[in-house]
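The values are calculated or read from the model by the stated rules, or taken from the named source; none is laboratory data. Bear in mind the structure is a predicted one, so any value in this text is a computation, not a measurement. Don't worry about glycine lacking a Cβ; one is built from the backbone with ideal geometry, like all the others, and counts go over all protein chains shown.
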């Protein structure tokens, strides 16, 4: 007796297998996620994935048409569903946690392959054909090998893709689910190819489920269940990703606070040292200009904040600005040209400081030219922090030391 297939149902069965595979990947990540919900996600994942695989098998069975009416024994059919759920639970247990090595993949693939074969051939047995179904040994062996190989591949793929780091990973999950769906369907249809029906065979199932009656409800319920499972898993994944983004942002904020001065809001001395080190590493030529408030001429932190705000708002095209001392700020200027420094100080810096000086603030300056005044951040910061004299005098001294001279 020869059977035929309804192509739309075959395509639908492959789609259900791919959907069930995607559920497996999604739920593996959830089982590995929040420890307190591990058992719940494991149970939900096993039910969703197992029911999906079983539905694929059942739809594939109903896609197969014989010249006689087909029905399935209720008890055996339920047992085949239990086998699918058990296999799914085993898969999720194996791929979650740590220690998925080659040996575990091999043992797991054998156990899962046996469970899948039990589900498939148990489902075939549920037809209760008389005389019984015979099996071609070659196709039977092929179906078993596909079941074991697909299980091994599924374990490896799910373990690799259970954590979503980007949208690219979601694309990889979809592709892997499609391949896994084809593999699961390949096992089913190779197993069907192994079946040999006697010319006079008939279904002898009692308490039977009609294939024609059950196919539509099974398809609808399986697709609905898988869709709901995916929706919950995706929603949970989004929540996990959101919490991880917030945690990373908070960690970055805390890390940044270690390099921020709490009074002025500027970078602090350690961050200034990092900037100087980075410039030295790339061979840059630059200057460090320190501006300090003379002792006794100001009101401490308030005047330092006023000075910082004036420099930030009034100076154009300057480098980083940091608080380098108790009453001192340091500018990083991307030039070592003393003539340019002198022109800049006369045209921009000193006019900016004039109103503050008129209000009673006194300023002291320090200057370091890199790399001439030091080959590391510590030496340059010490040189710049040694405030002495007027800014013009410091620039002229630097020019003379470099043998360049500066315009008076």
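Quick notes on this one:
- Restricting attention to region 5-25, the residues that are out of contact with any helix residue (DSSP H, G or I) (no Cβ under 8 Å at 6 or more places or on another chain) and closer than 22 Å to residue 159 by Cα total 0.
- Summed over region 342-363, residues that are closer than 14 Å to residue 303 by Cβ and buried (at least 17 other Cβ atoms within 10 Å of the Cβ) total 4.
- Among residues of region 131-149 that are under 27 Å from residue 68 (Cβ atoms), those with a Cβ under 6 angstrom from a residue that is assigned to a strand (DSSP E or B), sequence gap 6+ or separate chain, pair up as 133/195; 134/196.
- Here 63, 69, 147 are screened, and the one residue that is closer than 17 Å to residue 183 by Cα and assigned by the TED database to the domain that holds residue 182 is 147.
- The selection criterion, being under 30 Å from residue 358 (Cβ atoms), modelled with pLDDT under 85 and crowded, with 17+ Cβ neighbours inside 10 Å, does not hold for residue 291.
- Flag if residue 197 is buried (at least 16 other Cβ atoms within 10 Å of the Cβ), modelled with pLDDT of 70 or more and touching a helix residue (DSSP H, G or I) at 6+ places or on another chain (Cβ under 8 Å): no
- Verdict on residue 119 being assigned to a loop (DSSP other than H, G, I, E, B) and assigned by the TED database to the domain that holds residue 79: no
- Residue 307 being surrounded by 20 or more Cβ atoms within 10 Å (Cβ to Cβ), in a helix (DSSP H, G or I) and under 40 Å from the mean Cα position of the chain (by Cα): no
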